[in-house]
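One structure, pasted below without further comment.
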Amino acid sequence: MIILPYPPSVNRNLRTVGGRPILSAPYRAWRTEAEAAIKAQGAQPIAGRYELTI
């Protein structure tokens, strides 16, 4: 089991700058936190098929 921080609202994940969609600062910060949490918990890549239950 991997425990991650809550992500920002989906409505806040993308922003438009110059007509192009970019990832918002809160979403980029969450991705950094989530990556650190995964590494701290020693998670390994999954090889092959798997089942995800939420």
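The values are calculated or read from the model by the stated rules, or taken from the named source; none is laboratory data. As the structure is a prediction and not an experimental result, all values here were calculated from the model. The accessibility values were calculated without ligands, DNA or RNA, using every heavy atom of the protein model including side chains. Shrake-Rupley method; radii C 1.70, N 1.55, O 1.52, S 1.80 Å.
Nearest 10 degrees, 0 to 90: what angle lies between the long axis of helix 25-40 and the longest principal axis of the chain (Cα atoms)?
Its long axis makes an angle of about 10 degrees.
What accessible area per residue comes out for the chain, rounded to a whole number of Å², with a 1.4 Å probe?
With the other protein chains kept in place, the chain gives 94 Å² per residue.
What percentage of all Cα-Cα pairs in the chain are separated by more than 18 Å?
It works out to 50 percent of all Cα pairs.
Counting only protein heavy atoms, what percent of the accessible surface of the chain is carbon or sulfur at a 1.4 Å probe?
58
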